[in-house]
Amino acid sequence: MTDFLQLLFSGLATGAIYGLAALGFTLLWQASGTINFAQGEFVMLPAFMMLAFMSFGAPLVASFVLSVGLAVLVLGWLFKRGIVDPLFKYGMMPIVVATIGLSISMRSVIRAGHSAEASPFPSLFADELYNIAGVTITLADIGTFVLALALVFATQAFMTKTVTGRAMQAVAQNTESASVLGINVPRMIFYAFAINAVLAVAAALLVTPTYLAKFDMGESLGNKAFFAAIIGGFNNSRGALLGGLLVGVCENLAAAYISPAYKDAVALVIFMVVILFKPQGLLGKKEERKV
C-alpha cells in the first residue's frame, strides 16, 4: 500500500505538469479556435531562455520574469502575427501543419545552437523530504502540484468570470458576431496567445528540473499534454488538469506494476478509451461551433 501511495503522489506531481501544458491547448481552443502542435516546444524554449539569463548572473526568479516578457513577445505576439494571422482565414489544417513544422524547426535550432546534451536546471523548491505515514514526499512534488493547480483554476476563473475572458470565448465561438458586438477581436486573440506564453514559461519552470533542459524535452511533453487535453475535455480548463493527473498517475502505476516499456503508451491508451465512449472528454461539453 505504501508503494502505491508513493507512486500516486509522484504521479500527481507529474500529472499536474502535463495538465498545465494541456491548459495551453484548451486555452487557445476556447479563446481563438486554434490548435498549436508546437505546445511542447513552447515549454522547451523558455527553459533555455531562463538558462541564458542565469548564465549572465540573473537569479532564477528574475530569469523567470524576464523570460515571461520575452515569451509573450516571441511565443505570443510573433507567433500570432507570423503564423496564425496569415493562415487563420484558410481554416484549421494549415495552422496544424504550420505548427508541426514549427515544432520540428524549434528543436533543430536549439540542437544546433546549444547542443544535444541535457543541461541541469535549478529547482524553484528546496530539496526537502517529508515522511507521511511511511510515504516520502518531496517539497518539489508538493509545490509543483499546488502551483500548477492554482494556475489552472486561476485561468479557468479568468475565462469564465471576467468580461475579458468571456469576450475571448465569444471571439472563438463566432468572430463576426463578436466584432458586431464591439469586441476588439485581434486584441482578444492576442490575449489568448500571451496567456498561453506565460503558462508555458511557468510549465518550463516546474518541469525542467526533472526533465532537464534538452532540445527534445518538449516532444514527449507536448504529446502527453495533447492527449490529456482531449481526455479531460478540449473545451474545459479543469478538464486539462484532470486529464493530466490521470495520465501522470496511470503511467507511474503502469511503469511499476506492468513494465517501464509501456509507460509512454499509457496516455494513448487512455485517450483511445475515452474518445470511444465519451468523445467530448470527461469534463467536456458537446457544443456546436459556428464558423
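Listing for the model above:
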quantity	calculated
Extension gain from L212 to S115, taking 0.36 nm per residue of separation minus the Cα-Cα distance	33.6 nm
Candidates A126, A254, A202: whichever shows maximal mean-square fluctuation once the chain is modelled as a Gaussian network with Cα springs under 10 Å	A126
Candidates P209, P122, P86: whichever shows maximal mean-square fluctuation once the chain is modelled as a Gaussian network with Cα springs under 10 Å	P86
Cross-link pairs K80/K278; K89/K285; K224/K263; K80/K161 - those with Cα-Cα distance over 22 Å	K80/K278; K89/K285; K80/K161
Cβ charges +1 (Lys, Arg) and -1 (Asp, Glu), total dipole of segment 2-217, debye	720 debye
Residue order, fewest to most beta carbons within 10 Å, for Y191, Y18	Y191, Y18
DSSP-loop trypsin sites (Lys or Arg not before Pro) across segment 211-291, with at most 12 other Cβ within 10 angstrom	K285, K286, R289, K290
3J(HN,Hα) from dihedral phi, segment 145-152, Karplus parametrisation 6.51/-1.76/1.60, rounded to Hz, x for glycine, proline	5, 5, 5, 5, 4, 5, 5, 5
Neighbour net charge for I142 - beta-carbon separation under 15 angstrom, K R +1, D E -1	-3
Helical mean residue ellipticity (222 nm; -39500 (n - 2.57) per DSSP H run of 4+; nearest 500) of the chain	-23000 deg cm²/dmol
Chain lengthening between L129 and T160 when straightened (0.36 nm per residue, less Cα-Cα)	7.4 nm
Given charges at Cβ of Lys, Arg, Asp, Glu: the chain dipole, positive-most of Y191, A150, M1	Y191
Estimated distance in nm for a label pair at Y262 and S179, the labels positioned 7 Å out from Cα along Cα-to-Cβ	5.2 nm
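Throughout, read-outs are computed from the coordinates displayed, never taken from laboratory work. A quick note: this is a predicted structure, and the numbers were derived from the prediction, not measured. Don't worry about glycine lacking a Cβ; one is built from the backbone with ideal geometry, like all the others, and counts go over all protein chains shown.
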